[in-house]
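Every read-out reported here was derived from the displayed coordinates using simple, explicitly stated rules and does not represent laboratory data. None of these values were measured; they are calculated from a predicted model. Cβ: placed from backbone, ideal geometry, glycine included. Neighbour counts: every protein chain shown.
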Amino acid sequence: MLAAATSSVAIGLGEMAVGRQGELVAYSLGSCVAICLFDPLTRVAGMAHVVLPAAPEKGPGDTPGKYADTAVPALLDALRRAGASPLRLRCHLAGGAAVLALGGGGKLPNIGERNVVAVRGALAAARLRVLAELTGGTQGRTVRLHAETGRVRVRTVKGEEVELC
Amino acid sequence: MLESRPVDLPAAGAAGLAPMMRDGALRAAGALSEMSGRCIETRSISLRAVPLADLPLVAGDPERPVVAVHLGVQEPHGGHILLALSEQMALRLVDMLLAQPAGTTTSLDEMEVSALAETGNVAGAAFLTALADRARVILPPTPPLVFHEMCGAILQTLAAELALSEQRDAVVVETEFTCDDESVDVAFFLFPAPEMVRAVASGLVEGSDDACSRD
């Protein structure tokens, strides 16, 4: 799903948005990964909230932002249409934590790590370099991308906020 | 806005699920009362299907910090139980459990975390036992784990696991409690995996068939 960012736009599970003003926010990421892209020349920003590493065989349906392998090309397309150039895009990542590090035979512990690996792979395939990332670990994160400046701020449950540079 | 709808199940199973969940919640409340020495009762219980994209919102503000006790439901059925408390409520509950004056506990160290884990374990196991007894299935829980986390991050991780099996909705059972007639900031969630919902509903249907054949 694409939405224009005006003031503060929440990017839910599997959603994407591009905008020139306000903030794009992915709240309380656990295993999900937020891909933050910003063109400093045309000042267009885009965020995708990736839930899983790869789309199923039948395709991503109407949620290309849900899967790492389809989110990256879909977000690039949306940014291009908004006037951004892939050559100039600054890329930051956050999320991919093992919040419920449960152990045992469940699928939960690996999703975050698999998401991060898949997102990095999809970005590399698109020739995009990650400038900074805050991924992995065991803590959830809220990620804010300021659409006018490209600043990316990440907050955890303890209230600590860091800027990805 | 949070979207939800009734759970889509065979009629006999669906009809039996609500009273079964009420029974589970009553047993969980009874277990909590016994542990805390206070009168803890269920205020409400709901059973609904929520789109996975909305799951991180079922406990309100997704950035809200909570102390959550998690129990998994072991395979082959699968599912998750969460007892989510506000930070303040977690401290208050520890004082109750340890029979201390309110305000004594100001941080959660090893002993306090252990007390909360046991609380979640007792409440969750009581709930599952009620379901298992009525549906005649075995629903063993995994050991309890305590997390201090944004509630949305916990729920989002559960949503991702459900999305792996290409589910679009999550079945959510939610219970709120009162303590000595006062509303308390404790929410109890059961997120059964589809296999668990099917097994429990099938158990109910078979149970009702048996009852008919005995008549």
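Counting every other Cβ atom within 10 Å of each residue's Cβ, B:MET111, B:MET20 order from fewest to most as B:MET111, B:MET20. The alpha carbon gyration tensor of segment A:118-160 gives principal lengths a ≥ b ≥ c with a/c of 1.5 or higher and a/b no greater than b/c, which makes the shape oblate.
Dipole magnitude of the protein assembly as shown about its Cα centre, charges +1 at Lys/Arg Cβ and -1 at Asp/Glu Cβ only, in debye to the nearest 20?
1680
Please compute the Kirkwood hydrodynamic radius of the protein assembly as shown from all pairs of different C-alpha atoms, in Å with one decimal. Could you put the intermediate results ahead of the total?
Numbers: mean 1/r = 0.0462 Å⁻¹.
The Cα-based Kirkwood calculation yields 21.6 Å.
Please give the FRET efficiency for B:ASP180 paired with B:MET111, using the beta carbon to beta carbon distance and R0 = 35 Å, rounded to the nearest 0.05. All intermediate terms of the calculation are to be shown ahead of the outcome.
On the way: r = 25 Å, r/R0 = 0.70.
E between B:ASP180 and B:MET111, to the nearest 0.05, is 0.90.
Just how large is the dipole of segment A:4-164 about the Cα centre, in debye to the nearest 20, putting +1 at every Lys and Arg Cβ and -1 at every Asp and Glu Cβ?
On the way: 19 positive and 13 negative charges, 49 e Å.
Here segment A:4-164 has a charge dipole of around 240 debye.
By the gyration tensor of its Cα atoms, with a ≥ b ≥ c the square roots of the eigenvalues, what is the shape of segment B:17-68: rounded for a/c under 1.5, prolate for a/b over b/c, or oblate? Provide the component values of the computation, followed by the final result.
Details: a/c = 3.46, a/b = 1.42, b/c = 2.43.
Oblate, since a/c reaches 1.5 and b/c is not below a/b.
The simple Förster model, with R0 at 45 Å and r as the Cβ-Cβ distance, assigns A:THR149 and B:ARG64 a FRET efficiency of 0.95. Placing unit charges on each Cβ (+1 for Lys and Arg, -1 for Asp and Glu) gives segment B:13-139 a dipole about its Cα centre, and among B:SER107, B:PRO56, B:SER46 the Cα reaching farthest toward its positive end belongs to B:SER46. The length gained by stretching the chain between A:ALA101 and A:ASP62 to full extension, at 0.36 nm per residue less their Cα-Cα distance, is 11.0 nm. If R0 is taken as 22 Å, the Cβ-Cβ distance between B:THR104 and B:ARG38 corresponds to a FRET efficiency of 0.90.
Taking amide H as placed 1.01 Å from N in the peptide plane, B:PHE177 has its amide H under 5 Å from the amide H of B:ARG43, B:VAL184, B:VAL186, each at least 5 places away in sequence or on another chain. The fewest-to-most ranking of A:ARG141, A:ARG90 by surrounding Cβ atoms within 10 Å reads A:ARG90, A:ARG141.
For B:SER202, B:SER46, what ranking results if the residue with the fewest other Cβ atoms within 10 Å of its Cβ goes first?
So the residues, fewest neighbours to most, are B:SER46, B:SER202.
Do you know the relative contact order of segment B:11-209, to the nearest whole percent, from alpha carbon pairs under 8 angstrom that are 6+ apart? If you can, show how the numbers build up before the last one.
Working: 385 pairs, mean separation 74.8, N = 199.
Relative contact order for segment B:11-209 comes out at 38 percent.
Among B:GLY120, B:ALA130, B:ALA90, which residue has its Cα positioned farthest towards the positive end of the charge dipole of segment B:75-215, with +1 placed on the Cβ of Lys and Arg, -1 on the Cβ of Asp and Glu, and the dipole taken about the Cα centre? Of B:GLY120, B:ALA130, B:ALA90, it is B:ALA130.
Helices in chain B, meaning DSSP H runs of at least 4 residues, each add -39500 (n - 2.57). Divided by all residues, the mean residue ellipticity at 222 nm is -15500 deg cm²/dmol. Considering only A:ALA126, A:GLY150, A:GLY22, and ranking their Cα positions along the charge dipole of the protein assembly as shown that arises from unit charges at the beta-carbon of Lys, Arg, Asp and Glu, the one farthest toward the positive end is A:ALA126.
3J(HN,Hα) couplings calculated from phi for segment B:110-127 with the Karplus curve 6.51 cos²θ - 1.76 cosθ + 1.60 (θ = phi - 60°) are, in sequence order, 4, 5, 5, 5, 5, 5, 5, 4, 5, 4, x, 5, 5, 5, x, 5, 5, 4 Hz; Gly and Pro show x.
Computed over chain A, the per-residue total of -39500 (n - 2.57) for DSSP H runs of n ≥ 4 gives a 222 nm mean residue ellipticity of -6500 deg cm²/dmol, rounded to 500. Projected over all directions and averaged, the alpha-carbon convex hull of segment A:4-164 occupies 8.9 nm². Here the gap between A:ALA10 and A:ALA126, fully extended at 0.36 nm per residue and compared with their Cα-Cα distance, gives a gain of 39.2 nm. Shown here are the Rg and Dmax of the Cα trace of chain B, at 17.2, 58 Å. 3J(HN,Hα) couplings calculated from phi for segment A:25-36 with the Karplus curve 6.51 cos²θ - 1.76 cosθ + 1.60 (θ = phi - 60°) are, in sequence order, 10, 10, 7, 6, 5, x, 7, 5, 10, 9, 9, 10 Hz; Gly and Pro show x. Taking the Cα centre of segment B:85-215 as reference, the dipole from Cβ charges on Lys and Arg (+1) and Asp and Glu (-1) amounts to some 380 debye.
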